[in-house]
Amino acid sequence: MTPVRFVLPLLAAMALPSAAFAQAKPVPKEPPATDPATMKIAKGFKVELLYSVPKAEQGSWVNMCVDPKGRLIVSDQYGSLYRITPSPIGMKGETKVEKIPAAIGMAQGLLWAFDGLYVVVNGKGSGLYKVTSSKNDDTLDKVELLREFGAGAGEHGPHAVMMHPDGKRLTVVCGNQTKLVKYDTTKVPAIWGEDHLLPRVPDGNGFMKGVMGPGGAMYNVTPDGKTWELFSVGFRNQYDAAYNKAGDLFTYDADMEWDFNTPWYRPTRVCLATSGSEFGWRNGAGKYPAYYVDNLPGVVNVGPGSPTGVCFGYGAKFPQKYQDAFYICDWSYGKLYATHLKPSGSGYTAELEEFVTGTPLPLTDVVINPVDGAMYFTIGGRRTKSGLYRVTADGTAKDAPAPAADPAATAARATRLALEQHHTSVGQPAVDAAWKELDNADRYIRFAARVAIEHQDVKLWVEKALAEKDGTKAIPALLALARVSAPCPEHTKDKKVAGDPALRGKILEALGRIDFAKLTDEQKTDLARTYQVVLNRFGQPTADERKAWLAKYSPAFPTGSRFTDVELLQVFVFLQDEAAAAKGMKLLKDSPTQEEQLDYVRALRMLKAGWTPELRKDYFLWFVKAANYKGGNSFAKFLVLIKTDAIASLTPAEAVALKDTINATPATVKLPEEAPRPFVKAYKVADLEKALETGLKSGRDFERGRKLFATGKCFACHRFDNEGGSNGPDLTGVSGRFSARDLLESILDPSKEVSDQYGAVEIRTTDERIVIGRIVNLNTDNVMVNTDMMNPGSTVSVDRKLIEVMKPSKISMMPSGLVDTFKEDEVLDMLAYVLSRGDRKHAMFAK
C-alpha cells in the first residue's frame with residue numbers, strides 16, 4: 001500500500017505540459033535534453049538548460065568539477081574531457097564548450113586541486129591521474145599516472161576524487177568491483193571477513209559470485225598519489241562522497257535491485273562514513289543486515305534507485321537551509337534530493353526533500369560553483385541523452401538562520417573523534433579510553449571504541465576481555481578478540497579454520513557468563529552475531545562446549561524477537577541441534593512476511609538432525625507456497641539454490657521418500673488455503689475518527705498489528721523496520737512526521753491525492769500500446785515501466801521514440817479496500833504498529 005501523503009511529488013514531471021493528453025510534437029533524430037518546464041522544482045528555485053549535449057560528437061556526460069576560474073570540467077562516460085564556460089547568470093550569452101586536448105577520458109572522478117586536474121579513469125588504464133599544462137598556460141595536455149588500480153572497472157569500478165578537509169590530502173572512492181588498492185596505512189582493522197556461520201547463498205544470477213569482501217572502499221591519498229590510507233569499507237557501489245563543514249564524510253550507497261523482497265535487500269541509503277567503518281556489503285545473500293553489530297547502518301534509507309553524484313550546498317547563493325543540505329542524485333528515478341542532516345548523538349538523522357525531479361532525468365553529477373554561487377547538474381550515462389543544467393534561487397524562498405548547535409550531540413561527536421584518534425597502534429592508553437565506551441548508548445561511539453581496541457596489541461587486552469563482567473562491554477570486547485585472533489576461513493588460502501581451540505573455549509566460556517535474560521533485544525541479537533563470528537573463525541566447539549551452549553540457550557529459544565531468533569537459529573543449525581527443526585518450522589509457520597520466512601528457510605536448509613518425515617514434508621511444501629511470492633530478478637533463482645542445498649542435506653532414504661514432495665508445484669499440489677476473511681466494512685475516515693482519539697493511547701497488540709500489516713499486503717510494497725518491499729515509501733519513521741488520521745486517510749482513500757513519487761504514469765505509443773505503471777529505469781532510448789507495485793519484476797520496455805502521449809495516472813497504484821475485512825480493533829492495532837517507529841526493543845516483537 002502507498003500512503004500518498006508520505007511522499008513528495010514527482011510523476012507530474014513525467015507528463016507533457018498539458019494536464020490532459022496532448023499530441024506530442026514530431027520527434028527529431030536527436031531530441032534535446034529534458035526541458036526544465038517539465039520538471040518538478042523546489043519552491044524558490046529555477047532550473048535552466050544550459051547545453052544539450054550532441055551525443056554523436058560529445059557523448060554522454062557523467063562527471064563534473066569546477067576549476068579556479070569557475071569553469072566546469074566534464075567527462076563523457078566513454079570518451080573525452082570537456083571544459084565548459086557557462087553563460088552569465090541572468091544575462092544573454094552562450095555556454096562555451098571546448099574539448100580538453102589531454103589524452104585521457106572515461107573519467108568518473110574529477111577534481112581541481114594542487115594546481116592541476118585529478119582524474120579517476122574508469123575503463124582502459126583505470127587509475128588515478130593528474131593532468132596539468134606542459135607550458136604552464138591554460139592548455140591541459142600533460143597526463144601523469146599516480147596510481148594504477150589494476151583489476152576492476154565498469155559501473156562498480158573506481159569513481160570519485162575529492163579534497164580532504166585537512167587541505168593536504170585527497171579522498172578517493174571505489175566501488176565493489178575495484179580490487180583493493182595497495183594501502184600503506186589503514187583506519188579499518190585489516191581483519192575483515194565474510195563471517196557467515198552457514199554457507200552463503202550466492203546471487204541467483206551469479207552476479208559477483210566468489211568476490212570476497214570488504215567491497216567498495218574509500219581512501220585518503222597524498223597529492224602525489226604515493227601514500228594511501230584505507231579509511232572506510234563495505235559499500236556496494238558508492239559513486240561519490242562529500243564532507244560537511246564539521247569534517248564528517250557522507251556518501252550515497254547503491255542497492256541491489258535483484259534482491260527486492262528478500263531479507264538481504266538493502267535500499268539505497270545515505271551513510272556517514274566514519275573512521276574505520278564497515279558497511280557490510282558481501283556478495284549474494286551474504287549482505288549484512290543493518291542491525292549487525294560488526295557493521296554500521298545508513299543515516300537514512302532512500303529506497304530503490306541508482307546513486308550517482310553528491311555534494312553539499314556550501315558556496316551556493318541559496319537560503320541557509322539549502323546551503324547546508326547534502327544533495328544526492330538518483331539516476332534511475334530522475335531525482336535530485338536535498339538531504340537535510342541533523343546532528344543526533346555522535347551521528348546524524350536526516351530528512352529527504354525532492355529538490356528537482358523529472359522524466360527522463362538520468363542525473364549523473366551535481367556541483368556548486370563557488371565563483372557564481374549556482375548549482376550545476378548533468379544528466380546522461382549509459383549513452384542516454386545528456387544535458388547540463390543550472391539551478392539558482394529566485395529570491396522567493398524564505399531564509400532562516402541555521403539551528404543552534406545541540407550541546408549533547410557536540411559532546412558525543414567529540415567522544416567519537418577522540419576514539420578515532422586511536423585507530424592506529426597506540427598502546428595501553430587507547431585500550432583504557434576505548435574500554436570506557438564499549439557500552440555507550442551511541443552506536444557510532446561503540447563501534448569506534450571496538451575498532452580502537454582492535455588496532456592495539458591483543459596481548460594488552462585479551463585477559464581484560466575474557467574477564468569482563470559487564471555483559472554490555474563483554475559482547476563487543478569478545479567480538480573484537482575473535483576477529484583479531486583468527487582469520488575468516490573464506491579469506492585464507494586453504495579455506496580452513498585456523499583459530500586456536502583453547503582460545504575458542506575461553507571466549508565461549510566468557511560469553512556463557514553473560515546473563516541472557518537481562519539483555520535487551522538488540523543486545524541479544526548482538527550476542528547471537530558474536531557467537532556466529534566466533535564459531536565461523538574458530539570452528540566447531542567440543543562436545544562439552546556444545547552441550548553447555550545448548551543447555552543455556554535452548555530453554556530461551558525462540559525468544560519472541562524477530563531478529564534475535566533469526567540469528568540464534570543459525571547457531572542452533574550450525575550445532576545440528578535435534579530440537580532446531582521443530583522450533584524453526586514453528587517460526588516459519590508463524591512468520592507473517594516472506595522476508596522472515598526466507599530467513600528461517602535459508603538457515604534450516606543446512607540442518608540434518610532432528611527432522612521428522614512430517615517436518616521435512618512441510619519444509620519442502622513451503623517452496624510450493626513460495627512459488628507465488630514476488631521479488632527481484634534473482635528471487636526465483638535464490639529459491640532454487642536454497643532448495644538445492646536442502647535436498648543435498650537429505651539422506652538417500654529421505655530423498656526417495658520425499659521425491660513427490662520435492663518435485664511438487666502449485667499445479668500438482670493443492671495447499672490448504674486460509675479461510676477468506678469476511679467483508680466487514682468499506683471504511684471511511686469518519687467511521688474511525690472517534691476511535692483514533694482514544695483507541696491508540698494504550699493496550700494495543702503490536703504483534704497482531706504486524707501480522708495484519710502483512711495480511712493487508714502492506715509489506716509487499718513498504719519497508720518497515722528492515723523488512724518488506726521498496727516500491728512504496730519506507731514507513732519506519734512515519735510516526736515522527738504524520739498523524740494517525742493522515743495515515744488512516746491515505747490507506748482508505750489512496751487516490752485522493754496521488755503521489756508523484758510513487759504514482760503511475762499512463763503512456764500511449766504510436767504502435768497503439770497503452771502502458772500504465774511507474775517508470776523505474778532507462779537505457780539509451782528504452783524506458784522501463786513497472787506495471788505492478790507488488791511484483792518488482794513486472795516491467796515492460798517502451799521505446800522513447802515511439803511515445804505519442806504521456807500523463808500521470810489519476811489512480812494510485814496502491815489498491816483501495818485493503819482493510820475492508822478488518823474489524824475496528826484490528827485497524828487500530830495495525831495503525832499502532834506502524835506508528836510504533838519500528839523500534840526493535842518495542843513490545844511489538846515480544847510474544
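Key figures for this structure:
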{"read-out": "Carbon + sulfur, % of accessible area of the stretch 437-575 - ligands and nucleic acids excluded, 1.4 Å", "value": "52 percent"}
{"read-out": "Value at 222 nm in deg cm²/dmol, rounded to 500, when DSSP H runs of n ≥ 4 in the chain each add -39,500 (n - 2.57)", "value": "-7500 deg cm²/dmol"}
{"read-out": "Per residue accessible area in Å² of the stretch 201-331, where ligands, DNA and RNA are left out and the probe is 1.4 Å", "value": "21 Å²"}
{"read-out": "Loop-resident sites, the stretch 624-716, for GluC sites (Glu not before Pro), counting at most 13 other Cβ within 10 Å (DSSP)", "value": "GLU673, GLU674"}
{"read-out": "Heavy atoms of ARG706 accessible to a 1.4 Å probe, total area in Å² rounded to 10", "value": "10 Å²"}
{"read-out": "Magnitude of the charge dipole, the chain, Cβ model with Lys/Arg +1 and Asp/Glu -1, debye to 20", "value": "540 debye"}
{"read-out": "Over the chain - Rg/Rh using Cα atoms and the Kirkwood inverse-distance radius", "value": "0.96"}
{"read-out": "Amide H within-cut-off set for TYR78, under 5 Å, with H built and near neighbours excluded", "value": "SER60"}
{"read-out": "Surface accessible to a 1.4 Å probe, per residue, for the residues of the stretch 471-628, Å²", "value": "37 Å²"}
{"read-out": "Over the stretch 558-598, volume per residue of the alpha carbon convex hull, in Å³", "value": "63 Å³"}
{"read-out": "Pairs from LYS524/LYS552; LYS608/LYS659; LYS69/LYS342; LYS625/LYS659; LYS43/LYS335; LYS684/LYS823 whose Cα-Cα separation, in the structure shown, is over 23 Å", "value": "LYS69/LYS342"}
{"read-out": "GLU826 - accessible surface, heavy atoms, 1.4 Å probe, Å² rounded to 10", "value": "20 Å²"}
{"read-out": "More than 16 angstrom apart: percent of Cα pairs within the stretch 133-210", "value": "72 percent"}
{"read-out": "Whole-percent carbon and sulfur share, accessible surface of the stretch 56-158, 1.4 Å", "value": "49 percent"}
{"read-out": "Mean separation of Cα contacts under 8 Å (6+ apart) over length of the chain, as relative contact order %", "value": "14 percent"}
{"read-out": "The stretch 482-542 - Rg over Rh from alpha carbon coordinates, Kirkwood radius", "value": "1.03"}
{"read-out": "Å² of accessible area per residue within the stretch 372-434, as computed with a 1.4 Å probe and no ligands counted", "value": "45 Å²"}
{"read-out": "Principal axis box of the stretch 394-535, alpha-carbon based, largest edge first, Å", "value": "68, 38, 32"}
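The values are calculated or read from the model by the stated rules, or taken from the named source; none is laboratory data. Everything quoted here is computed from the prediction, not taken from an experiment. Using ideal geometry, Cβ is built from the backbone for each residue, glycine included, and neighbour counts are taken over all protein chains shown. For the accessible areas, the whole protein counts, side chains as well, though only heavy atoms, and no ligand, DNA or RNA atoms are used. Shrake-Rupley method; radii C 1.70, N 1.55, O 1.52, S 1.80 Å.
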